[in-house]
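The values are calculated or read from the model by the stated rules, or taken from the named source; none is laboratory data. Quantities reported herein were computed from a predicted structural model and do not represent experimental measurements. Because the Cβ atoms are built from the backbone with ideal geometry, glycine has one as well, and the counts that use them run over all protein chains shown.
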Amino acid sequence: MHDGADPCSRLIGHWEERFAEDAETYFFGKEPSALGRLALRFWKLCRGDDTARILDLGCGEGRDAAWFAEQGHRVTAVEPAPSGLAKAHRLAEERGARLETGLCCDMLEVDLAGYDLYFAGNSLNLLGRSCLPFLRRLRAATPRGGLHAVRIATRESWGPDPRPGHYRFDHNELKHEYRGWRLLYYGEDLIYVPHLDRLASFADIIAQKTRGAAREPD
């Protein structure tokens with residue numbers, strides 16, 4: 001079905017097929033991730049504002065985006081797989097909330113300016129060779145005081161780049177990318193991935209762009 005397509009397009013097609021299999025079943029469940037919950041906790045501790053403008057990059061079926069909206073935040077959800085974004089909207093409605101904006105497009109095409117919290121739960125890896133340049137562009141677009149909450153797959157258990165279109169980080173590479181920012185949380189761990197039936201390694205970071213943040217890495 002995806003012969004001749006670039007690796008990123010094949011990955012989008014793969015997840016579109018997964019999300020479209022059953023309109024009522026959510027592949028990763030409906031509850032927010034631990035990283036999503038922790039991100040809002042740090043938002044309240046650092047900023048104290050009632051409402052954040054949140055950009056969820058690669059929201060999947062919306063388990064975090066819908067929950068952010070339910071908590072009263074203004075959420076822009078980005079997901080290139082149409083079935084995933086449609087389910088995200090339905091989940092928000094099910095929670096008595098709404099996504100302010102839903103963008104069915106490539107993350108690379110999104111206007112990144114104007115948000116308070118940038119969330120990417122295991123989606124940036126799928127950008128392949130564009131992952132690091134995009135992450136650096138994302139940091140540059142973030143206003144002072146803005147927060148990032150990012151999960152990235154690492155090479156510890158996955159190996160270098162096991163599938164075309166994927167990018168994996170080295171040990172502590174994600175933390176190094178955020179040098180000059182206020183580090184609120186960082187952890188690397190092996191996590192059980194049910195649909196793969198295996199342990200896989202990930203790095204999680206929550207960081208704030210401070211007034212004294214150093215120049216972004218080249």
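For segment 50-75, a tally of residues being of a type in the set (Lys, Arg) and over 18 Å from residue 141 (Cβ atoms) returns 1. Of everything in segment 118-127, what is outside any helix (DSSP H, G or I) and polar (S, T, N, Q)? Give them in sequence order. Passing the criteria: 122, 123. Taken as a whole, the condition of being at pLDDT 95 or above and crowded, with 21+ Cβ neighbours inside 10 Å does not apply to residue 152.
Restricting attention to segment 93-134, the residues that are of a type in the set (Gly, Ala, Ser), under 21 Å from residue 147 (Cβ atoms) and touching a Pro at 6+ places or on another chain (Cβ under 9 Å) total 2. Scanning segment 84-113 for residues that are crowded, with 19+ Cβ neighbours inside 10 Å and touching a helix residue (DSSP H, G or I) at 6+ places or on another chain (Cβ under 6 Å) returns 84, 88, 91, 92, 97, 99, 102.
Checking the stated criteria, residue 60 turns out to be part of a loop (DSSP other than H, G, I, E, B) and either under 21 Å from residue 124 (Cα atoms) or modelled with pLDDT under 90 (or both). Does segment 173-188 contain at least one residue that is within 20 Å of residue 55 (Cα to Cα), among the hydroxyl-bearing types (Ser, Thr, Tyr) and at pLDDT below 95? Scanning segment 173-188 turns up no residue that is within 20 Å of residue 55 (Cα to Cα), among the hydroxyl-bearing types (Ser, Thr, Tyr) and at pLDDT below 95. Residues in segment 77-117 that are assigned to a loop (DSSP other than H, G, I, E, B) and among the hydrophobic types (A, V, I, L, M, F, W, C): 81, 97, 99, 104, 105, 110, 112, 113.
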